[in-house]
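Asks: For reference, the structure I am asking about is given below.
The values are calculated or read from the model by the stated rules, or taken from the named source; none is laboratory data. Not measured: the values here are computed from a predicted model. Neighbour counts run over all protein chains shown; Cβ positions are idealised from the backbone, glycine included.
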Amino acid sequence: MKISYNWIKEYLDLNVKPADLAEKIERTSVEVDDVIKPSDGLKKIVVGHVLSVEAHPDSDHLHICQVDVGEDEPLQIVCGAPNIAKDQKVIVALPGSRIADNVKIKKSKMRGVPSAGMICALQEIGFPEDVVPKAYADGIYVMPADATPGDAVYDYLGMNDSLIDLDVTPNRGDMLSLYGTLHDLSAIYDLPVKFDQPAVKETGAAIADQLTVHADAALAPQYRMRLVKQVKLAPSPMWLQIRLWNAGYRPINNVVDITNYIMLKYGQPLHAFDYDKFSGQDVYVRTAKAGEKLTTLDEGEHDLDDHDIVIADDQKPIALAGVMGGLDTAIADGTVTVAIEAAVFEHDHIRKAAQRHNLHTDASQRFERGVNQAGVQEALDAAAEMMTDLAGGEVQAGTVVATDNVPAPAVITITMSHINAVLGTELSQDQVTHILTTLGCEVTADGETLTVTVPVRRNDIHIPADLLEEIARIYSYDELPATLPTGRMTMGELTTAQKLMRATRHSLEGLGLNQAISYALTTEDKAKMFMMQASETTKLAWPMSVDHAVLRMNIITGLLDDIAYNSARKVKDVALYEQGRVFYREDGVDRPNEQEHIAGAITGTLLPTAWDLPAQPVDFYQVKGIVAAYLKDMAVNGDVTYVANHDMPEMHPGRTADILVHGHRIGFMGQVHPTIAKQFKIGATYVFELNLQAIIDMPKQENQYDVISRYPAITRDVAMLVDDDITNEQIVALIEKRGGAFLQSVKLFDVYDGVKVPKGKKSLAYTLTYQDKHATLVDDAVTQAFEKVEKRLQDDLGAEIR
Amino acid sequence: MSLKDKLTELHDRGLAEIKKSADLKDVNQVRVSLLGKKGPITEVLRGMRDLDAEERPKVGAFANEIRDDLTAALAKRREELENAVLNAKLANEAIDVTLPGTPVAKGEPHVIQQIIDQIEDLFLGMGYQVLSGPEVEEDKYNFEMMNLPKNHPARDMQDTFYITKEILMRTQTSPMQARTLETHDFSQGPLKMISPGVVYRRDTDDPTHSHQFHQVEGLVIDKHITMADLKGTLQVLAHELFGDKFDVRLRPSYFPFTEPSVEADITCFNCGGKGCKVCKNTGWIEVLGAGMVHPNVLRMAGVDPDVYGGFAFGVGPDRFAMLKYGVDDIRNFYLNDVRFLKQFTKKG
Ligand SMILES: [Zn+2]
């Protein structure tokens, strides 16, 4: 809502600049989007008097005009507007002037004819297209005949006013009007407002004989009409047009303009019908019947149903109540009798109708938030009176009223001690009473207990907390002290799970992975990939796009999307991890179970290639090293094993392992299947995904001290040829089982599968370390144990010791 | 020539030879030739037999002196030469210290995570718990318990991803507040909590909108919590996130779950409050919403609003990050370009 600074000043003796006023409003009542002075940025734009118009010799649409701009000599200006005519007063941008969008106007030649400046349309001096009167929409604007050539145009057009654009919160419907804003400013500045209310001169016959209105109070708590005859449609006077276009409304004709003006002033939407187009003399407020249709003023056609409130005559709907009038009964050329409607419609119906028909109008916006229910008749009277004043109409005697339910004002009791206890202030009873009184409340006191009667127009104030807000904002939030809560001490500590999640992130960052945060909503296909357990999908009822329609059941696809995004931007080395939730749903249950997961994805090289570090493309074992180090960091208690998994459809069948802790599968790792990688448009990528919740829930190792042996260790190396299908795990398990009491560790130090070994075989070499914690080992004892192992390797695994 | 003169001459000659020696081999030769069993000093000492008993000790002492002197000179020369060898070797080993160091693997926490951690740590220090609820919520907790009944107009303000009529993607993290309020035992002390997490809105992604973003909401409920406490707490938060010289101001606003409701602005960090493009010439930037918890919210959770009250606030780490670092497109946070992620190195 754009509110005029000049208009405010007519009612309130304010001594502040527009910018300061806007700041004050923002600090005390509602947000201010902008303060605009329409003439800002314009220069040397004056009234011109067109002395003559001649056709341009080399053009069929240009005119050569001599224009008096208040100087000694007229200016010759070439003008292409179709509506230019001799004797008009026009807007002239002089040579050296600046018009809208900071465009500079210079002397020029148009088709060989010198032109000193430009005759302007309103749009060219910054008027929004949608406020320019239709008559001037496609041509230059014609100024009032009494404008003085050479004068700046700004005051004639209301462009020196400042317009404060209010962003009114849903609770402050009262601020959607001049009067509502004035009430608030009156409290803010502690100044009286000079409201005016004209008396209606009822010169016509009794309205009751000409019109009857019927309404259901549940749909329209108030419904009133006045009738004005003999109106003469004409453009509104300049002052009214200025009020409207500065507020963002296009001036149309005096009758329609009056209804918009009254809405701006009182906040009460009005509708003007052409009474002569009614079928019959009865007007009904009712729900629509199935199958009824209505064409609204904007020529939109609407199918109606029983959720819609309509205004209807004997035959059919003539308006969508509180939203927009119908085209058939609209004010148009030839209208002489006007029925003015002023009503209160039930807000929920209006909100839904505006949504259903996609018609969010200024009227519906106000009805949704609630209008001043104590001021409906005043607004109606003011409109009727203006129609006499500006359109020569005869107001018929009386108002027809279908419903008249004005709510009782809210009465709230509140104590001074409560006010100060909640706000943290030390306000006096006088201060509080004064603030509430300036807001229009009536306050009576009984000791420290205040009984506050709230004006009906403030339909947002019902409970003591609402009064606290009024007191606090008018008192000023700047004056509130700043303290911290006192009271009983509380412990602030992360839970075990939260600590482990933080440790998880730190660990993986230490291992070289960057934290990613991807979208949890994805496509159905991606949601279902890399599944660790069976689950139903969870879909949005109304997604914005198929790309974000289904809740993920894996983290990896999000990371692969991220890698694809990097890859498309020529970033080839990407190492990411993500900690977040996946959503598993059981059939027949609406709400999915949320499980914390941790996943990683690496493509290219983990370490950047450097002058002393040749490129080492990521492989299975590098990622396995990361997973192992991470699980060690988490102190997971129990053997971690890796079991080849050939069956995950999205993974490389020969390079994928399930990750088990104590035989319990907590995740998987390996290379993304090349077909899937291709689908994501990425290169070779290695991934892992773990059930973080399982890791959180697992028992953890405690640190414990183990004496470091003072006696020397002895090592023996063994190299062997085995069949390709014998695994490292088998060999190590055997060595550990058969290694004897002094075997401390087994370490693989070489794997060779090249041309020097027979086909179907591979060579593995291990270092075995022996140590006795309590004595120096005898070489013979080691040799004996070592030979025993060698024999078992040969016997049990068919190893050929080399 | 007396024995003594001979020794003196030997001494001088010896020192000269030691000085002349060019490498360790030379030094060794000089040592053998001077001090060896067949060397001249041994020779001279052998001639001592011919001296009288009175002279003998004096010459003997003098000879020992000479020998020690030469031994010391030899040792010194040896050390000099050894050092020279070592220095030459080290000089040979010199490297270009300006070549870059070998890369190590080091990842970074996401910038949003860093801000959330920072907020968590601040409030943990003030005795708050950190509680994160479900992302898929019931309408009841997301809206109804937040004083947003089914037909409330403010529901239009937050377009919601529904899964079914009653199940939705949470649009705020405050449902966790309702859940906690329902179960908190106030006899054990006040409720002080923050709930960080991902939230979802039915928006089309563009530079300033994202259908997924983050929120951290805070709640304090006790018997004597004031709006001044809210102001002080927000001031502490602003100072932690932006720095001590930032002021906080409160403006009236509207949220269904708080009354009074406020927006909090902080001093524009771009211009320090003088006014610029970032702050639309106001000198202030809107950073969060807050207020005193609406009595209906307390009542619905079974807490008596006549006894207990408190404040709630909600901040957007995405918005903070955008403001703090001048990130001009919110989508950057969710596309995970590593060149973007790597810019936000965790400090300390
Ligand atoms: Zn600024």
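Asks: Pick from A:ASN554, A:ASN593: which is without any contact (Cβ under 8 Å) to a residue 12 or more places away in the chain and more than 7 Å from every other protein chain (Cβ to nearest Cβ)?
Replies: A:ASN593
Asks: Of A:LEU606, A:LEU559, A:LEU540, which residue is within 11 Å of another protein chain (Cβ to nearest Cβ) and in contact with a Ser or Thr (Cβ under 9 Å, 6 or more places away or on another chain)?
Replies: Just one listed residue meets the conditions, A:LEU559.
Asks: State whether the residues of the range B:188-208 include one that is away from chain A (no Cβ under 11 Å), under 16 Å from B:TYR128 (Cα atoms) and touching a residue at least 24 places away in the same chain (Cβ under 8 Å).
Replies: Checking the range B:188-208: at least one residue is away from chain A (no Cβ under 11 Å), under 16 Å from B:TYR128 (Cα atoms) and touching a residue at least 24 places away in the same chain (Cβ under 8 Å).
Asks: Another one. Out of all the residues in the range A:22-54, which are among the aliphatic types (A, V, I, L, M), within 14 Å of chain B (Cβ to nearest Cβ) and either out of contact with any strand residue (DSSP E or B) (no Cβ under 7 Å at 6 or more places or on another chain) or not in a helix (DSSP H, G or I) (or both)?
Replies: A:VAL30, A:VAL32, A:VAL35, A:ILE36
Asks: Quick one: in the range A:371-390, which of the residues that are more than 15 Å from A:ALA408 (Cα to Cα) and of a type in the set (A, V, I, L, M) is surrounded by the fewest Cβ atoms within 10 Å (Cβ to Cβ)?
Replies: Across the range A:371-390, the extreme among qualifying residues is A:LEU390.
Asks: Tell me, yes or no, whether the range A:564-587 has at least one residue that is without any contact (Cβ under 8 Å) to a residue 40 or more places away in the chain, facing chain B (nearest Cβ under 9 Å) and within 18 Å of B:GLU137 (Cα to Cα).
Replies: Taking every residue of the range A:564-587 in turn, none turns out to be without any contact (Cβ under 8 Å) to a residue 40 or more places away in the chain, facing chain B (nearest Cβ under 9 Å) and within 18 Å of B:GLU137 (Cα to Cα).
Asks: For the range A:405-423: of the residues being within 12 Å of chain B (Cβ to nearest Cβ) and of a type in the set (Val, Ile, Thr), which is surrounded by the fewest Cβ atoms within 10 Å (Cβ to Cβ)?
Replies: My answer is A:THR415.
Asks: Need pairs with beta-carbon distance below 7 Å; first residue on the phi > 0 side of the Ramachandran plot and surrounded by fewer than 24 Cβ atoms within 10 Å (Cβ to Cβ) and within the range A:218-233, second of a type in the set (A, V, I, L, M) and modelled with pLDDT of 95 or more; sequence gap 6+ or separate chains.
Replies: Close Cβ pairs satisfying both conditions: A:GLN230/A:VAL336.
Yes/no per residue for (1) more than 53 Å from the chain's Cα centre (by Cα); (2) at negative phi; (3) not in a helix (DSSP H, G or I):
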| position | (1), (2), (3) |
| --- | --- |
| B:ASP12 | yes, yes, no |
| B:LYS25 | yes, yes, no |
| B:VAL30 | yes, yes, no |
| B:PRO57 | yes, yes, no |
| B:GLU65 | yes, yes, no |
| B:ASP68 | yes, yes, no |
| B:ALA91 | no, yes, no |
| B:ALA94 | no, yes, yes |
| B:GLY101 | no, yes, yes |
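Asks: Show me the strands (runs of 3 or more DSSP E) entirely contained within the range B:145-224 in which 3 or more residues are within 28 Å of B:ASP328 (Cα to Cα).
Replies: Where strands (runs of 3 or more DSSP E) fall fully within the range B:145-224 and carry at least 3 residues being within 28 Å of B:ASP328 (Cα to Cα), they are B:191-200, B:212-222.
A quick yes/no check of all residues on (1) in contact with a Cys (Cβ under 8 Å, 6 or more places away or on another chain); (2) free of Cβ contacts under 8 Å to residues at least 60 places away in the same chain; (3) closer than 23 Å to A:GLU385 by Cα; (4) not in a helix (DSSP H, G or I):
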{"residue": "A:LEU240", "(1), (2), (3), (4)": "no, no, yes, no"}
{"residue": "A:TRP245", "(1), (2), (3), (4)": "no, no, yes, no"}
{"residue": "A:VAL256", "(1), (2), (3), (4)": "no, no, yes, no"}
{"residue": "A:ALA272", "(1), (2), (3), (4)": "no, no, yes, yes"}
{"residue": "A:VAL283", "(1), (2), (3), (4)": "no, no, yes, yes"}
{"residue": "A:ARG286", "(1), (2), (3), (4)": "no, no, no, yes"}
{"residue": "A:GLY291", "(1), (2), (3), (4)": "no, yes, no, yes"}
{"residue": "A:LEU294", "(1), (2), (3), (4)": "no, yes, no, yes"}
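Asks: Among (1) out of contact with any Lys or Arg (no Cβ under 8 Å at 6 or more places or on another chain); (2) within 14 Å of chain A (Cβ to nearest Cβ); (3) in contact (Cβ under 8 Å) with a residue 40 or more places away in the chain; (4) of a type in the set (A, V, I, L, M), which single condition is B:VAL303 missing?
Replies: So the condition that B:VAL303 fails would be (2).
Asks: Among the residues of the range A:593-622, which ones are buried (at least 18 other Cβ atoms within 10 Å of the Cβ) and part of a loop (DSSP other than H, G, I, E, B)?
Replies: Within the range A:593-622, A:GLY604, A:LEU606, A:LEU607, A:VAL618 meet the criteria.
Here's the yes/no breakdown for (1) more than 26 Å from A:THR767 (Cβ to Cβ); (2) modelled with pLDDT of 95 or more:
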| residue | (1), (2) |
| --- | --- |
| A:ILE626 | no, yes |
| A:PRO653 | yes, yes |
| A:ALA677 | yes, yes |
| A:TYR686 | yes, yes |
| A:GLU689 | yes, yes |
| A:ILE695 | yes, yes |
| A:ALA713 | no, no |
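Asks: Condition check: within 12 Å of another protein chain (Cβ to nearest Cβ) and more than 13 Å from A:GLU578 (Cα to Cα). Does A:ALA549 satisfy that?
Replies: In short, yes.
Asks: Out of curiosity, is B:VAL216 within 16 Å of the ligand (Cβ to nearest atom), within 20 Å of B:PRO196 (Cβ to Cβ) and either more than 10 Å from chain A (Cβ to nearest Cβ) or modelled with pLDDT of 95 or more (or both)?
Replies: Here the answer is no, as B:VAL216 does not meet what is asked.
Asks: Quick check on the range A:628-650. Is at least one of its residues loosely packed, with under 15 Cβ neighbours inside 10 Å and in contact with a helix residue (DSSP H, G or I) (Cβ under 7 Å, 6 or more places away or on another chain)?
Replies: yes
Asks: Are there strands (runs of 3 or more DSSP E) fully within the range A:315-426 with at least 2 residues that are in contact (Cβ under 8 Å) with a residue 60 or more places away in the chain? List them.
Replies: A:338-344, A:394-397, A:400-404
Asks: Scan the range A:470-489 residue by residue and report those that are over 21 Å from A:ARG27 (Cα atoms) and of a type in the set (D, E, K, R).
Replies: Within the range A:470-489, A:ARG488 is the sole residue that qualifies.
Asks: From the set of residues in the range B:229-247 that are surrounded by 21 or more Cβ atoms within 10 Å (Cβ to Cβ) and facing chain A (nearest Cβ under 8 Å), which is farthest from the ligand (Cβ to nearest atom)?
Replies: B:ASP229
Asks: Can you run down the residue pairs with Cβ atoms below 7 Å, 6 or more apart or on separate chains, where the first is in the range B:267-288 and within 13 Å of chain A (Cβ to nearest Cβ) and the partner is of a type in the set (Gly, Ala, Ser) and more than 8 Å from the ligand (Cβ to nearest atom)?
Replies: Here the result reads none, with nothing in the range B:267-288 linked to a residue that is of a type in the set (Gly, Ala, Ser) and more than 8 Å from the ligand (Cβ to nearest atom).
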